[in-house]
1. Going by what's in this entry, would Arg28 be described as touching a residue at least 12 places away in the same chain (Cβ under 8 Å) and either of a type in the set (Ser, Thr, Tyr) or in contact with a Lys or Arg (Cβ under 7 Å, 6 or more places away or on another chain) (or both)?
2. Please list, ordered by first then second residue, the pairs with beta carbon atoms under 9 Å, 6 or more apart or interchain, first in segment 80-94 and in contact (Cβ under 8 Å) with a residue 40 or more places away in the chain, second surrounded by fewer than 14 Cβ atoms within 10 Å (Cβ to Cβ) and assigned to a helix (DSSP H, G or I).
3. Looking at the chain, what strands (runs of 3 or more DSSP E) fall wholly within it and have at least 2 residues that are in contact with a strand residue (DSSP E or B) (Cβ under 8 Å, 6 or more places away or on another chain) and open to solvent by 50 Å² or more (accessible area, probe 1.4 Å)?
4. Here are some conditions: (1) out of contact with any helix residue (DSSP H, G or I) (no Cβ under 9 Å at 6 or more places or on another chain); (2) modelled with pLDDT under 95. His48 meets all but one. Which one does it not meet?
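The values are calculated or read from the model by the stated rules, or taken from the named source; none is laboratory data. Just so it is clear, the structure is predicted and the values come from calculations on it, not from any experiment. Ideal geometry is used to build each Cβ from the backbone, glycine not excepted, and the neighbour counts take in all protein chains shown. Side chains included, ligands, DNA and RNA excluded: accessible areas come from the protein's heavy atoms. Shrake-Rupley method; radii C 1.70, N 1.55, O 1.52, S 1.80 Å.
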Amino acid sequence: MKLKLDENLGKAAVSTFQSAGHDAQTVRGQGLSGATDREVIAACQAEHRCLVTLDLDFANPLRFDPASYSGIAVIRLPHRVSQGDLLDACNTLIAGMER
């Protein structure tokens with residue numbers, strides 16, 4: 001699957017998705033660091049990529065209509081989170097995409 005990982009996900013998350021066989025690009029790697037939410041989602045739309053993010057703003061269907069994009073996956077994590085928690089959540093998303 002073609003994914004764009006938001007800048008709030010680190011290199012380990014990128015490696016996790018790529019190791020699972022996904023075409024994972026990053027917001028940072030494509031020069032979109034500091035871009036607005038609208039700019040990020042427009043880039044995803046143009047590239048037919050699913051956005052993977054921790055940013056809860058993207059979970060608002062009134063602001064970002066899911067039918068207009070190739071996908072928006074908002075990963076929810078506990079308040080105190082470790083790198084392991086993030087990677088577990090990424091692996092859960094990967095398992096869900098494989099089904």
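1. no
2. Pairs found: Gln83/Ala12; Leu86/Ala12; Leu87/Ala12; Cys90/Ala12.
3. 23-26
4. (2)
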